[in-house]
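Presented below is the structure to which this report refers.
The values are calculated or read from the model by the stated rules, or taken from the named source; none is laboratory data. Note that the coordinates shown come from a computational prediction; the quantities given were computed from them, not determined experimentally. In this analysis, Cβ positions are derived from the backbone assuming ideal geometry, glycine residues included, and neighbour counts consider all displayed protein chains.
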Amino acid sequence: MIIMEITTKNVSVILITLLFAALSAFFYFLLFGEKEKHPFSEPVSKEGAGMNLLLILTVALFLRLPCTVLSHDGDLRYFMNASEEFLTQGFFGFFSRWHIVYPPFFEYLLFLIGKISSFLGITFVFGSKLTTFIFKIPGIICDLLTGYALYHMTAKQQSRELALILSLLYLFCPVTILDSAYIGQVDSIYSLFTLLTVYLICTKRLELSYFSFAAGFLFKYQIIFITPVLIFGIVTQVILTDFSWKRFYHHLRAGLAAIGCILLSYLPFLYKPSTGEFRPGDLLLTFGNSLGSYGRASLNAYNLWTLAGYNLMDEQTAFGPLSCKTWGSIAILALVCASIVLFLKYRKDTSAFPMIGAFLIFGMYCFSTKMMGRYLFPALGLLFLGFILKPDRKRFLCALLPANLLFCCIVLDYLYYPYSAYRPELLMPRILSILVLLCFGFLVFTMVEEIRHKSKAD
């Protein structure tokens, strides 16, 4: 077995992890220590909270800015090349020219970045600090918007002081800085829409949640992990609560309108007005390429497959009587079935929706195939939302434990053991895989305990 040597980089990672763990522990004891009155119930003026939030957002921004020029990893080469191609060749035919692409809204964002940069006379050069900085801006902005959204949600549901604490914890969480500002990934964009979708469901604004879900889908397909939560919201608020055909058709029209927006967003990639050429097959091609891409049991996701020694192995490899891919499909089906059971057990408790969404994302990360190290990222916002709707000890730990762990997972994935450096005999990936599985187990335990207490109370 091989473990990491003691180096300056290792010490830095350990210190960052310990500092955020200490910050998490500090707020845990502050919120749940033995006191007559919880500090987050103390009134804070709107003006004072606003100034404190502005300070938190400003510091969070300045923490990220130096990181933007330190690395040009991630998908920066794709971002740069696609942006330039949209300016020279347009959108039509793009899906047939590229094997794996992002959904339309993200491609439009790349086009907009290219257009603005061209207007300002900026030429993209891979590896240059300016180019790297430009393509990291959207992810950083969505980080800050998520922090603000968590503040707004908490201030509305609980108190302004708790809102400031949660916003600070999310924005200062090392993994949010690492993912968008250093690596240059864009998980924060669709994670924001994942959070908004579930929050809109919880606050009974289903029509808006359809369009938020559609927007998230058009930035990154992984938002489909929370599709059952959207269905549960429809069942609860349309079918089980004051059902009427008028309301049913109203929501049906809204849902179809959201689907129509998704389809229309693909039109510039499929239709060329100047020639009248229409390529609907390109839509099926891009979906097929996305579904069939990265055919590995695990892609440096520290989960069951990495623990079992199947990281980076073909997903068709046998694992017992079945292939890894088949087991992964079974796991997805089992998780969806389990989410239905959780939904039924929680009954109409809206605070369950973000927890079920996080359960699905976390479970698929742990047991499905083709998972990358970052795919747990959108669960963080949902776990924060779960705590906002029901602030207790266990839910606080459910939010903070994965945040600490995911930072370690992404650090190992990108800075220590990228695909070319990974070896089956490494010890740290297996240790992290065990911790991630235990963390998922704690989430399941928390939800089961809540259901048990709810049954006793009823």
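Yes or no, residue by residue, for (1) without any contact (Cβ under 8 Å) to a residue 24 or more places away in the chain; (2) in contact with a Gly (Cβ under 7 Å, 6 or more places away or on another chain):
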| residue | (1), (2) |
| --- | --- |
| I201 | no, yes |
| S209 | no, yes |
| G233 | no, no |
| K246 | yes, no |
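Selection of first residues in the range 325-344 that are over 22 Å from R296 (Cβ atoms) and in contact (Cβ under 8 Å) with a residue 12 or more places away in the chain and of second residues that are among the hydrophobic types (A, V, I, L, M, F, W, C) and in a helix (DSSP H, G or I), restricted to Cβ pairs under 6 Å at least 6 apart or on distinct chains, gives the following pairs, ordered by first then second residue: S339/I356; S339/L360; L342/I356; F343/F232. The single condition from (1) modelled with pLDDT of 90 or more; (2) under 30 Å from L415 (Cβ atoms); (3) under 26 Å from the mean Cα position of the chain (by Cα) that L291 fails is (1).
If the condition is being crowded, with 21+ Cβ neighbours inside 10 Å, of a type in the set (A, V, I, L, M, F, W, C) and under 15 Å from the mean Cα position of the chain (by Cα), then the range 145-176 contributes L150, L171, C173, V175. I'd like to check something: does the range 213-222 contain any residue that is farther than 30 Å from L130 by Cα and modelled with pLDDT of 95 or more? Checked the range 213-222: at least one residue is farther than 30 Å from L130 by Cα and modelled with pLDDT of 95 or more. From the residues in the range 261-298 that are free of Cβ contacts under 8 Å to residues at least 60 places away in the same chain, small (G, A, S) and out of contact with any Leu (no Cβ under 9 Å at 6 or more places or on another chain), which one is nearest to F319 (Cα to Cα)? The qualifying residue nearest to F319 (Cα to Cα) is G292. Number of residues in the range 298-314 that are more than 14 Å from Y419 (Cα to Cα), under 22 Å from the mean Cα position of the chain (by Cα) and among the aliphatic types (A, V, I, L, M): the value is 1.
So that you can scan it fast, the table gives a plain yes or no per residue for (1) touching a strand residue (DSSP E or B) at 6+ places or on another chain (Cβ under 6 Å); (2) farther than 30 Å from L30 by Cβ; (3) surrounded by fewer than 22 Cβ atoms within 10 Å (Cβ to Cβ); (4) modelled with pLDDT under 95:
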residue	(1), (2), (3), (4)
I330	no, yes, yes, no
C337	no, yes, yes, no
T350	no, no, yes, yes
L382	no, no, no, no
P418	no, yes, yes, yes
